[in-house]
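Down below is the structure, laid out as structure tokens.
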Amino acid sequence: MSGAASSPPPFAIRAGRDADAAAFIRLVGDAWGEYPNCILDVDGEVPELRALATYFAQAGGALWAAETPEGRVAGMVATRPLGSDRAWEICKMYVEKGQRGSGLAHALLGGAEAHARAQGAARIVLWTDTRFEAAHRFYEKRGYVRAGSIRILDDLSKSLEFRYAKPVAGLAIEALDAAAAASAERSLAAMLVACVADGAATGHLPPLSPEVARGVWKRVSGEVALGSRLLLVAWQEGRVAGTVQLHLAQAQDQPHRAMVEQLLVHPEFRRQGIGRALLQRVEQAARGVGRSLLTFDIRAGAAAEALCRSAGWVEAGRIPGFSRDAAGALQEQVFFYRKL
């Protein structure tokens, strides 16, 4: 089982066993105990904890435990197929409070994701209590976004749960609704910081702080909620790899027009065709909302300039000295249009 931690934690990650029941119950109970009114009734509501390995094996899934050198179970995770659309679910993801931030959670989740992909998963979903805000931040850093309605459980804890999901097979591009856009702010902010540091012309100069980057995406998700902007995000093998926006709020006499903005590809995913795929999808999205004319302005010499030319966009003109780069030099801006 492989993970995604920056440095391997001092734990052995092994297959979970039914004999780990007491340790699993302790992990779940301790985690629920951190929140008010979260009540763990094992036999009444989650009896599968008594034989969890058997439970997931019968569902066609798998279970893992993270064990300390002293033999204490400090973390757990499971996954199982959902039986439709090549979707798999992450379940029972818990790590001891003292081990959070150690990389153990990333190793556990990364391994479960890798197992699901190896079994043919195209999409991974999970459910998490609306009170578990630290868990939400963790999943969002891993590229998951809110998907669908809140689930109401008829349990002692009166639980409400968010559904998170992400595509994990190859390149996938999706348009995000307001909830998904808001939950993508962390991963998109990290990508924006990386792009600015790499020299991308985004309207920001390096170093771009994560706080400022989050503010950028908060404004974007707000406009998505208002219906004035479309946000498309690309995942490559389950990681957020690129994005593009379509600004719909045009003048009253230009209802047929929209502006393509912020076509970004993470530096780690350049030269894989992601930018071209994003440009094609944003054109498709524009047609879908009844727009027949697109405009796009780009710093001269940027990779997106060559991309637009090869994709059939027409240059409308140039403005010299439009912006400054990180060294303070004035740069030219190229304006393109495309009729759909």
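The values are calculated or read from the model by the stated rules, or taken from the named source; none is laboratory data. These figures come from a predicted structure and were not determined experimentally. Cβ atoms come from the backbone with ideal geometry, glycine included; neighbour counts cover every protein chain shown.
Taking segment 91-125 as the range and being aliphatic (A, V, I, L, M) and buried (at least 23 other Cβ atoms within 10 Å of the Cβ) as the test, the residues that pass are Val95, Leu104, Ala105, Ala107, Leu108, Leu109, Ala112, Ala116, Ala121, Ile124.
Can Ser2 be described as modelled with pLDDT under 95 and within 22 Å of Glu133 (Cβ to Cβ)? Judged against the criteria, Ser2 is not a match.
So in segment 20-48, with the set limited to residues that are assigned to a loop (DSSP other than H, G, I, E, B) and not acidic (Asp, Glu), which one is nearest to the chain's Cα centre (by Cα)? For segment 20-48, the residue satisfying everything is Tyr35. Taking segment 41-70, which residues are closer than 20 Å to Ala105 by Cβ and modelled with pLDDT of 95 or more? If the condition is that a residue be closer than 20 Å to Ala105 by Cβ and modelled with pLDDT of 95 or more, then Leu49, Leu52, Phe56, Gly61, Ala62, Leu63, Trp64, Ala65, Ala66, Glu67 are the ones that fit. For segment 90-130, a residue qualifies if it is within 19 Å of Gln236 (Cα to Cα), without any contact (Cβ under 8 Å) to a residue 60 or more places away in the chain and charged (D, E, K, R), and exactly one does: Arg123.
Evaluate the following for Glu268: is it out of contact with any strand residue (DSSP E or B) (no Cβ under 6 Å at 6 or more places or on another chain) and closer than 20 Å to Gly170 by Cβ? In short, yes. Taken over segment 46-92, residues that are closer than 22 Å to Pro167 by Cα and either among the hydroxyl-bearing types (Ser, Thr, Tyr) or touching a His at 6+ places or on another chain (Cβ under 8 Å) (or both) amount to 3. The single condition from (1) surrounded by fewer than 17 Cβ atoms within 10 Å (Cβ to Cβ); (2) in contact (Cβ under 8 Å) with a residue 12 or more places away in the chain that Gln58 fails is (2).
Residues that are over 23 Å from His106 (Cα atoms) and touching a Phe, Trp or Tyr at 6+ places or on another chain (Cβ under 7 Å) within segment 18-38 comprise just one, Cys38.
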